[in-house]
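K.L.:
What follows is a structure written as structure tokens; I'll ask about it next.
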């Protein structure tokens, strides 16, 4: 009976540690450097700007 209690405690602690690790991992992932974000935004605007050109080429 004691072994069962010890094992459940170990499992609960392991799950808790995994959850804490995930929280720290996701929070570090959210803090993306501003340079990466701005380059992504630039790519998005570039794609948006280039779409009409393709449309014009197709229509002509």
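K.L.:
Looking for whichever is at pLDDT 95 or above, part of a helix (DSSP H, G or I) and under 21 Å from the mean Cα position of the chain (by Cα) here; the options are 17, 22. Which one fits?
P.N.:
Working: 22 fails: at pLDDT 95 or above.
After ruling out the rest, the residue left standing is 17.
K.L.:
Can we say residue 40 is assigned to a helix (DSSP H, G or I) and modelled with pLDDT under 80?
P.N.:
In short, yes.
K.L.:
Take residue 4 and decide whether it is out of contact with any strand residue (DSSP E or B) (no Cβ under 7 Å at 6 or more places or on another chain) and at pLDDT below 90.
P.N.:
On the way: out of contact with any strand residue (DSSP E or B) (no Cβ under 7 Å at 6 or more places or on another chain): yes; at pLDDT below 90: no.
So residue 4 does not fit the description; no.
The values are calculated or read from the model by the stated rules, or taken from the named source; none is laboratory data. Remember, it's a predicted structure, so these values are computed and weren't measured experimentally. Neighbour counts are summed over all protein chains in view; Cβ atoms, including those assigned to glycine, are modelled from backbone coordinates with ideal geometry.
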